Amino acid sequence: MSNIVVNEICNLRCPYCFASEFVNKQPKEMTMEDFKTALNFVLSDRSDRQVGLIGGEPCLYPHINEALRMALDDVRADPVMIYTNGVELEKIDPAILEDIKFRMLVNCNSPADMGQAKFDKMRENLLKFKNEHFGEGRFRLSVNLYKPDFDYTYIIPIVQELGFDTIRLSISVPSKATIGSMTALEYFDTMKPVAMAFVGDMIRCGCLTGFDCNFLPECVLTPEEHEGLQNVKDIFYSGLSKNYSRTFWQRAILCETHTCTPVIDILPDLNAIRCFGLSEYTKVPISHFRNMKDLRQFYIDNVDRQSLKYVSSPKCKGCYEGESGNCSGGCHIFKADQIFGGKNLELDEAHKNAHYEHNPDKLEEMKEHDHDHNCEHHHHHHDDDGPADIDGDGCGCGCC
Ligand code: SF4
Ligand code: SF4
């Protein structure tokens, strides 16, 4: 799953916002030309068919309908997802909302954080999506637990009204200030009670919780808590195993995954980041990468593997889970100083000198105008070139 960050402007000011580095500072917006390049890059190999549009608030992107249509019409893409707060959903064409490949993850904030009027509008939009645009099964809610005393009770009536059987839960990646004052495990200890209470209350509403990244490390739970959750999970699994994917089950109720893999978000200026949590340190231009696989491997080598060398809390030293690579001790951001030394990642020699064109239109233009002039040394004929090489590797000259 990779995401295209189409804009940086947002209509809300969520206190936990992981995109706060970008949002509303000097909000940037992707041109349609660059959206095409980003989309093509995301789908550049068969590693992933799912495409996400994210912001800011993507519904406020002036080209949102054109961009969604382009993604939905691409046979390589399925599904196409937007990450939205749902307040401005009416900006999206009904035909798009009803497209079978269209999905929505709705970040459902509390009325206290977003204001009652916006909360009510979101709720109405979601009911409409479900009842008038046949949205059932094509959207999910997501809740950010961002403080130990977070009051999530607002979610219960909306979950019941919309009839959800799953909900995504995220223990927010903490701010720099929080990281500075406590270790990862101290942070998770403060967040455990609210996370456990949420999981329990959702189950009572008939709703399975699935953890988003920044996974709760296993050692944060006592053996009794672990066993209790495992028993509940076993009961649900025995009845519903076929209803949800393997990945969902791994993260459901009791999270069995304790380390993340690169998400890859492409920013409006066509720099990629490994994920929002690490946006400050992992910007690299996609034009230096042959395809998604190449970029993912770069992040694995330069972030994920490096992270294994360090611990996020003193207790992790010598821990088998950590040393075997099963547990990262929470989000890699807890180890940012050690991994990145306060700087952005640098490209290695191989990528520094590479350049790839990911927009098929630009390739066509180059073929039409420049190929004959610049590539006289080629022994094949222009007419025989066939379709544009979207990976841009061609013969190595960079223009075919
Ligand atoms: S490093 Fe991992 S846990 Fe942290 S924000 Fe990125 S994907 Fe999520
Ligand atoms: S590495 Fe071990 S001690 Fe550290 S958070 Fe993970 S399970 Fe806990």
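Quick check on the stretch 50-70. Is at least one of its residues of a type in the set (A, V, I, L, M, F, W, C), farther than 27 Å from residue 144 by Cβ and buried (at least 16 other Cβ atoms within 10 Å of the Cβ)?
First pass over the stretch 50-70, keeping only residues of a type in the set (A, V, I, L, M, F, W, C): 51, 53-54, 59-60, 64, 67-68, 70.
So of that shortlist, the ones also farther than 27 Å from residue 144 by Cβ come out as 70.
Subsequent filtering for residues that are buried (at least 16 other Cβ atoms within 10 Å of the Cβ) retains 70.
Yes.
Can you spot a residue in the stretch 321-336 that is more than 30 Å from residue 181 (Cα to Cα) and either under 21 Å from the mean Cα position of the chain (by Cα) or at pLDDT 95 or above (or both)?
No.
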*Exactly one of (1) away from ligand 1 (no atom under 16 Å from the Cβ); (2) over 18 Å from residue 7 (Cα atoms); (3) buried (at least 19 other Cβ atoms within 10 Å of the Cβ) is unmet by residue 260. Its number?*
(1)
*Among the residues listed as 317, 335, the single one being more than 15 Å from ligand 1 (Cβ to nearest atom) and not small (Gly, Ala, Ser)*: 317
*Could you check, for the stretch 262-273, whether at least one of its residues is within 16 Å of ligand 2 (Cβ to nearest atom) and either at pLDDT 95 or above or over 30 Å from residue 27 (Cβ atoms) (or both)?*
no
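Yes/no matrix, rows are residues, columns are (1) within 16 Å of ligand 1 (Cβ to nearest atom); (2) over 26 Å from the mean Cα position of the chain (by Cα); (3) closer than 14 Å to residue 168 by Cβ; (4) of a type outside the set (A, V, I, L, M, F, W, C):
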{"residue": "212", "(1), (2), (3), (4)": "yes, no, yes, yes"}
{"residue": "215", "(1), (2), (3), (4)": "yes, no, yes, no"}
{"residue": "224", "(1), (2), (3), (4)": "no, yes, no, yes"}
{"residue": "232", "(1), (2), (3), (4)": "no, yes, no, no"}
{"residue": "244", "(1), (2), (3), (4)": "no, no, yes, yes"}
{"residue": "248", "(1), (2), (3), (4)": "no, no, yes, no"}
{"residue": "251", "(1), (2), (3), (4)": "yes, no, yes, yes"}
{"residue": "256", "(1), (2), (3), (4)": "yes, no, no, yes"}
*For the stretch 140-207, list the helices (runs of 4 or more DSSP H) that sit wholly inside it and hold at least 1 residues that are closer than 18 Å to residue 260 by Cβ; which are they?*
176-181, 184-204
_Residues that are in a loop (DSSP other than H, G, I, E, B) and within 11 Å of ligand 1 (Cβ to nearest atom), drawn from the stretch 277-302_ = 279, 281, 282
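Here's the yes/no breakdown for (1) within 24 Å of residue 207 (Cα to Cα); (2) touching a residue at least 60 places away in the same chain (Cβ under 8 Å):
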| residue | (1), (2) |
| --- | --- |
| 67 | no, yes |
| 71 | no, no |
| 77 | no, no |
| 82 | yes, no |
| 88 | no, yes |
| 110 | yes, no |
| 114 | yes, yes |
| 141 | yes, no |
| 145 | yes, no |
*For the stretch 2-110, which fully contained strands (runs of 3 or more DSSP E) count at least 1 residues that are more than 18 Å from the chain's Cα centre (by Cα), modelled with pLDDT under 95 and at positive phi?*
none
*Which of the residues spanning the stretch 275-300 are over 21 Å from residue 46 (Cβ atoms) and among the acidic types (Asp, Glu)?*
280
*Under 6 Å between Cβ atoms, at least 6 apart or on separate chains: pull out the pairs that start in the stretch 94-107 with a residue that is closer than 23 Å to residue 118 by Cα and in contact (Cβ under 8 Å) with a residue 24 or more places away in the chain and end on any residue that is of a type in the set (D, E, K, R) and part of a strand (DSSP E or B).*
105/140
_Members of the stretch 213-255 found to be within 16 Å of ligand 2 (Cβ to nearest atom), surrounded by 12 or more Cβ atoms within 10 Å (Cβ to Cβ) and outside any helix (DSSP H, G or I), listed by number_ = 213, 214, 215, 216, 217, 221, 254, 255
*asked:* Exactly one condition in (1) over 17 Å from residue 145 (Cβ atoms); (2) within 15 Å of ligand 1 (Cβ to nearest atom) is false for residue 184; which is it?
replied: (1)
*Does the stretch 304-311 contain at least one residue that is closer than 24 Å to residue 42 by Cα and within 16 Å of ligand 1 (Cβ to nearest atom)?*
yes
*Applying the selection to the stretch 303-349, what residues are exposed (fewer than 14 other Cβ atoms within 10 Å of the Cβ), within 15 Å of ligand 2 (Cβ to nearest atom) and either outside any loop (DSSP other than H, G, I, E, B) or among the polar types (S, T, N, Q) (or both)?*
314, 320, 323, 324
_Every residue in the stretch 185-215 that is β-branched (Val, Ile, Thr) and under 23 Å from residue 247 (Cα atoms), please._
199, 203, 209
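The values are calculated or read from the model by the stated rules, or taken from the named source; none is laboratory data. Remember, it's a predicted structure, so these values are computed and weren't measured experimentally. Cβ: placed from backbone, ideal geometry, glycine included. Neighbour counts: every protein chain shown.
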